[in-house]
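Participant: Below: one structure in structure tokens.
The values are calculated or read from the model by the stated rules, or taken from the named source; none is laboratory data. Because the structure is a prediction, the values reported are computed rather than measured. No Cβ is skipped: glycine too gets one built from the backbone with ideal geometry, and neighbour counts run over all protein chains shown. Please note that ligands, DNA and RNA were not included when accessible areas were found on the heavy atoms of the full protein model with its side chains. Shrake-Rupley method; radii C 1.70, N 1.55, O 1.52, S 1.80 Å.
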Amino acid sequence: MKLYNTLTRTVEEFKPNEEGKVKLYTCGPTVYSYAHIGNIRNYIGHDILDKTLRYIGYEVTRCMNITDVGHLTSDSDSGEDKMLKAVRKEHKTAMEIAKFYTEAFFKDFNLVNNRMPEIVSPATDNIDEYIKIIQVLLDKGYAYESGGNVYFDTTKLDDYYVLTNHKEDEMVVGVREGVEEDSNKHNQNDFVLWFTTSKFENHELQWDSPFGKGYPGWHIECTGISIKYLGEYLDIHGGGVDNIFPHHTNEIAQSEGYLGHKWCHYWFHNEHLLDETGKMSKSAGAILTVSKLKEDGYDPLSYRFMCLNSHYRRQLVFSYDALKQNQDTLNKLKNRIKSIKKDNNYSEDDFNNYNKEFKEALENDLNTANALTILYNVLKADIGNDTKLKLIESFDKVLSLDLLKREEIDKELESKVKELIDERNKYKQEKNYEKADEVRKQIEDLGVQIKDTREGVEIIWDSI
Ligand code: AMP
Ligand code: ZN
């Protein structure tokens, strides 16, 4: 499989550390507010990566954090904690805010058929891990204490900017507008590993530590959680492009400083979803969520479909017109699939040929648009219907667009019809033919015909 690696800035052949197994880490959401559809695009991109790896045969262990403490309003460590801001605004405790938005996040995450990672861990569950790592960084001279906080010293690394090819002064945290300078730092790019009460006196969430009572910085969460659950060698670490600097840059610095060896080989970054005014933002104004799209009558899967029609490394501009178009196209696609009737005509060779093409599209740096083209080719192909249905079922393991959902509805319908047949049989045994006819009518109202035969009741599904 070929995958673009931000670390080398090239599309590379992917090779995990251990043959056949992949350890995958995704930076999770910050739960002080709703996840907007841009955030969800990022998780759809990661879901495609996760499912593609599984589809081509890897055993994947995926971990994702939930940032429920220590995310700052700016990338600088001097901004205000976003969670605290929400606490003040919503008059709730930090944990109540985190719980509420974590649930809201997973609701939307699930609405677009994303698979749940094996491990999902809130930052507040792993404080001991961060303390352990910070202590080692202090012992090794990578970190220092200043003004009550513990900072990572970025000058201790040969190449702090491994992930970026930007000029050093452009990347300096603190030069951007609205970001005040933290005078405790020895160097501008140094970042906080541990805050103490000297920083935010009213911070609700605080833990005892050898460096004073306080709480962790944002970057250390992902290092701690990743190493705790996935071990010292990570295969792929991902997030949105805005995570490259400073978040992932700082994660590499801390993790490799702590471990004393290379940590992760492949860095996977999703481009942003933009609205018509520019980048979507959680902190600015009204938040457009997947749940809101659903409330407004859009199928969340048409949003997924829209994302799959573009490449994860391309910016995508959201508009309701584009979403509507995607919804219409997806509906047409599903209707075409619905019209494919089983014909007992299955060919293993045909299946393998098309499946190979589908895999090749995905193995080419997750080209989901081409994978969808292969799906259309299958629909047009001169092959048996049973082969087509098997291919569609198989492709949907990655696409997750509920392409054969009718089958599922049928299952629901089937159990309902069976229930009613049992009820009707009961009435017939009791010779209550009036009631039995009433139930027959209820079955017919579901669009299903039944026929009494010597062997029992035959259900005629085709009448739907
Ligand atoms: P946050 O909850 O702000 O930490 O964001 C969760 C994830 O969404 C991060 O990995 C971000 O990189 C990503 N993200 C933020 N904004 C966008 C956007 N407009 N489009 C796509 N992904 C985004
Ligand atoms: Zn992270």
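Participant: Spelling out what I want: for every residue of the range 322-330, take phi, set θ = phi - 60°, compute 6.51 cos²θ - 1.76 cosθ + 1.60 (Karplus), and round to whole Hz; glycine and proline get x.
Facilitator: Each residue's phi maps through the Karplus curve to give 5, 5, 4, 4, 5, 4, 4, 5, 5 Hz.
Participant: Let me ask you something else. Are there any GluC sites (Glu not before Pro) in the range 258-332 that are in a DSSP loop and have at most 14 other Cβ atoms within 10 Å? List them by number. Write down the numbers at each step before the final one.
Facilitator: Working: sites: Glu271, Glu276, Glu295; in loops: Glu271, Glu276.
For GluC sites (Glu not before Pro) across the range 258-332 that sit outside H, G, I, E and B with at most 14 neighbouring Cβ atoms in 10 Å, the list reads Glu276.
Participant: Do any GluC sites (Glu not before Pro) in the range 364-464 lie in a loop, going by DSSP, with at most 15 other beta-carbon atoms within 10 Å of their beta carbon, and if so which?
Facilitator: Those that pass, being in a loop and sparsely packed, are Glu430, Glu455.
Participant: Additional query: Just the accessible area per residue of the chain, please: how many Å² with a 1.4 Å probe? Before the final figure, lay out each step's value.
Facilitator: Numbers: 21690 Å² over 464 residues.
Per residue, the chain has an accessible area of 47 Å².
Participant: Can you bin the range 366-406 into rounded, prolate or oblate? Criterion: square roots of the alpha carbon gyration tensor eigenvalues sorted a ≥ b ≥ c, rounded for a/c under 1.5, prolate for a/b above b/c, oblate for the rest.
Facilitator: Note, shape of the range 366-406 comes out oblate.
Participant: Convex hull volume of the Cα atoms in the range 2-279, per residue, in Å³?
Facilitator: 133
Participant: List the aspartates and glutamates whose Cα lies under 17 Å from the Cα of Lys359, skipping any in the same chain that are fewer than 8 positions away.
Facilitator: Qualifying aspartates and glutamates at Cα under 17 Å: Glu12, Glu13, Asp47, Asp50, Glu59, Glu348, Asp349, Asp350, Glu393, Asp396.
Participant: What is the sum of charges, Lys and Arg at +1 and Asp and Glu at -1, for the other residues whose Cβ falls under 13 Å from the Cβ of Tyr25?
Facilitator: -3
Participant: Work out from phi, with θ = phi - 60° and the Karplus expression 6.51 cos²θ - 1.76 cosθ + 1.60, the ³J(HN,Hα) of each residue of the range 108-121, listed in order in whole Hz, and give x for Gly and Pro.
Facilitator: For the range 108-121, the Karplus curve yields 5, 4, 6, 4, 9, 6, 6, 7, 6, x, 4, 10, 10, 10 Hz.
Participant: Let me ask something else. ³J(HN,Hα) across the range 258-270 via Karplus (A = 6.51, B = -1.76, C = 1.60, θ = phi - 60°), whole Hz, x for Gly/Pro?
Facilitator: So the J values, rounded to whole Hz, are 5, 6, x, 8, 4, 9, 9, 8, 10, 10, 10, 10, 8.
Participant: Could you give the alpha-carbon Rg of the chain over 2.2 N^0.38 Å, rounded to two decimals?
Facilitator: The chain yields a ratio of 1.18.
Participant: Within the range 1-50, report the trypsin sites (Lys or Arg not before Pro) that DSSP leaves as loop and that have at most 15 other Cβ atoms within 10 Å.
Facilitator: Arg9
Participant: How would the range 298-399 be classified by its alpha-carbon gyration tensor: rounded, prolate or oblate, with rounded meaning a/c under 1.5 and the a/b versus b/c comparison settling the rest? Walk me through the numbers before you get to the answer.
Facilitator: Working: a/c = 3.03, a/b = 1.50, b/c = 2.02.
Judged from the Cα gyration tensor, the range 298-399 comes out oblate (a/c at least 1.5, b/c at or above a/b).
Participant: Then there is this: Got the relative contact order for the chain handy, in percent, Cα pairs under 8 Å and 6 or more residues apart? Mind showing how you got there, number by number?
Facilitator: Numbers: 706 pairs, mean separation 78.2, N = 464.
Relative contact order here is 17 percent.
Participant: If the only charges are +1 at each Lys and Arg Cβ and -1 at each Asp and Glu Cβ, what is the size of the charge dipole of the range 298-399 around the Cα centre, to the nearest 20 debye?
Facilitator: Value, rounded to 20: 380 debye.
Participant: Between Asp139 and Asn335, what length comes free when the chain is fully extended (0.36 nm per residue of separation minus the Cα-Cα distance, one decimal in nm)? Don't skip to the end; give the middle numbers.
Facilitator: Numbers: separation 196, 0.36 × 196 = 70.56 nm, distance 6.36 nm.
Roughly 64.2 nm would be gained on extension.
Participant: Give me the percent of accessible area attributable to carbon and sulfur for the chain, probe 1.4 angstrom.
Facilitator: Of all accessible area on the chain, carbon and sulfur atoms account for 45 percent.
Participant: Would you work out if the range 8-141 is rounded, prolate or oblate? Take a ≥ b ≥ c from the square roots of the eigenvalues of the alpha-carbon gyration tensor; rounded if a/c is under 1.5, else prolate when a/b is larger than b/c, oblate otherwise.
Facilitator: Since a/c reaches 1.5 but b/c is at least a/b, the shape of the range 8-141 is classed as oblate.
Participant: With the contact rule set at Cα under 8 Å and sequence spacing of 6 or more, what percent relative contact order holds for the range 207-279?
Facilitator: On the way: 59 pairs, mean separation 25.3, N = 73.
Relative contact order comes out at 35 percent.
Participant: Just how large is the dipole of the chain about the Cα centre, in debye to the nearest 20, putting +1 at every Lys and Arg Cβ and -1 at every Asp and Glu Cβ? Present the calculation step by step, with values, prior to reporting the outcome.
Facilitator: On the way: 61 positive and 81 negative charges, 241 e Å.
Computed charge dipole of the chain: roughly 1160 debye.
Participant: Okay, moving on. How large is Rg/Rh for the range 411-463, to two decimals, with Cα atoms and a Kirkwood Rh?
Facilitator: Values: Rg = 10.5 Å, Rh = 11.1 Å.
Ratio of gyration radius to Kirkwood radius: 0.94.
Participant: Same structure, new question: 5 Å is the cut-off here: which amide hydrogens, built 1.01 Å from N in the peptide plane, fall below it relative to Tyr25, excluding neighbours closer than 5 in sequence?
Facilitator: Cys63, Ile236, His237, Gly238
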